[in-house]
Amino acid sequence: MSYTNPFILLELPNPFSPSMITNSFLRMEKKRLMAEFELEEATVIEVGGKEMDKDRVLALFQELEDDSIRQYHLRVFMESGLMEFLEDASLEYFYNGGISKLPAHSDDFLTFIGSHFSTSFNARLHHAYRQKDWEEVELMCKYPLPLSAVHKALCYQDSYRQLHADVTELENYAEDLAAGKIPDGKIQEMGDELMIDTLNHLPEYFRSSRDKYALALESVAISVYNDHQRIHLSVFLLRQALKLNTSAETKDRLQDLLNQILAQNPIAGPIGQITGGFGKKKKKTNWRAWAAAVVILTTILRFLLG
């Protein structure tokens, strides 16, 4: 079940003092909400913008009545950005820099919010990864997460699985090419600049996965070169793979292969540089130059794909 802060049940003055949250105050508030169910003859009422049944309301009051748990919910309630992230995966907490202050909380508090935090983070990061939204990935991964190893793994779970599914797809595509499949427009997606940027902004947790993606691109490049004699296309893929933040060993391996191909086919160098050079991030976009670049890139890729 997604996180709901039980303080939204209470009619609190603004500002309010935590000292007013006494057992008698909570009993009064619970009675008020139970009466609302009776007066409206409803099984569900709206509280704090959320629809809740009687069992949910009572469960939240049970958490409020536990002094230790109430303190954790109060901390969340006092940090609106964090509460919105836990409840709705809103990224305001990241945009306003609140995430940088998360390590200041106690380990007990971080354990308390861990499962809720990882649920929201996992869903939002996976969506950004699939959309190749490198800016959102960069925003979410700017600061290390001060969570336990288990909760951190849950934060990255779906993105990690998706990345490895993408690696498998690349490897299968390389095998299909070796078996006679003709290279098609899918190759452009594999070496897409947005994909490269998105992968590079994933945290250290994904380093070995980036290596696997780069080596899968290498497999496609080898099949394109050996089985279809598409030299320029092979050079393009290897140059894109080299843009990934990988281990020195992987970079050396890719560079060595690229050097061998260029040594045997010197004319492939200039075109490979053109196809590998578009899409770099700039502070200010020259849209006229960008439009011209897109036309050139489209023409080149059509030529490469035959």
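The values are calculated or read from the model by the stated rules, or taken from the named source; none is laboratory data. All figures in this text were calculated on a predicted structure; none of them were measured in a lab. Reconstructed Cβ throughout: ideal geometry from the backbone, glycine too, with neighbour counts over all protein chains shown. We work out accessible area using only protein heavy atoms, side chains counted, and drop any ligands, DNA or RNA first. Shrake-Rupley method; radii C 1.70, N 1.55, O 1.52, S 1.80 Å.
Some notes on this structure:
- Dividing the helix sum by the residues of the chain, where each DSSP H run of 4 or more adds -39500 (n - 2.57), gives a mean residue ellipticity at 222 nm of -21500 deg cm²/dmol.
- Accessible surface ranking for HIS73, HIS164, 1.4 angstrom probe, highest first: HIS164, HIS73.
- Segment 150-187 and segment 17-77 have Cα centres separated by 47 Å.
- Ratio of the Cα radius of gyration of segment 176-222 to 2.2 N^0.38 Å, where N counts its residues: 1.30
- Cα gyration tensor category, rounded, prolate or oblate, for the chain with a/c compared to 1.5: prolate
- Prolate/oblate/rounded call for segment 68-125, Cα gyration tensor, a/c under 1.5 rounded: prolate
- Between ASN265 and GLU40, the contour length at 0.36 nm per residue exceeds the alpha carbon distance by 73.0 nm.
- Between the residues SER159, ALA216, PRO266, the greatest Cα displacement towards the positive end of the dipole of the chain, with unit charges on the Cβ of Lys, Arg, Asp and Glu, is found for PRO266.
- These residues, THR168, THR250, go from largest to smallest accessible area, 1.4 Å probe, as THR168, THR250.
- For segment 17-130, the convex hull drawn through the C-alpha positions has a volume of 129 cubic angstrom per residue.
- Cα gyration tensor, segment 104-192 - rounded (a/c under 1.5), prolate or oblate: prolate
- With the whole protein complex present, ILE182 retains an accessible surface near 110 Å², based on a 1.4 Å probe.
- For GLU40, the accessible surface of its heavy atoms amounts to roughly 110 Å² (probe 1.4 Å, protein chains only, rounded to the nearest 10).
- Between helix 287-305 and the chain: long-axis angle, C-alpha atoms, 0 to 90°, nearest 10: 60 degrees
- Rolling a 1.4 Å probe over the protein heavy atoms leaves CYS155 with an accessible area of roughly 0 Å².
- Volume per residue of the convex hull around the Cα atoms, evaluated for segment 139-188, comes out as 97 Å³.
- Pairs from LYS142/LYS251; LYS132/LYS251; LYS152/LYS186; LYS101/LYS243; LYS101/LYS212; LYS54/LYS152 whose Cα-Cα separation, in the structure shown, is over 28 Å: LYS152/LYS186; LYS101/LYS243; LYS101/LYS212; LYS54/LYS152
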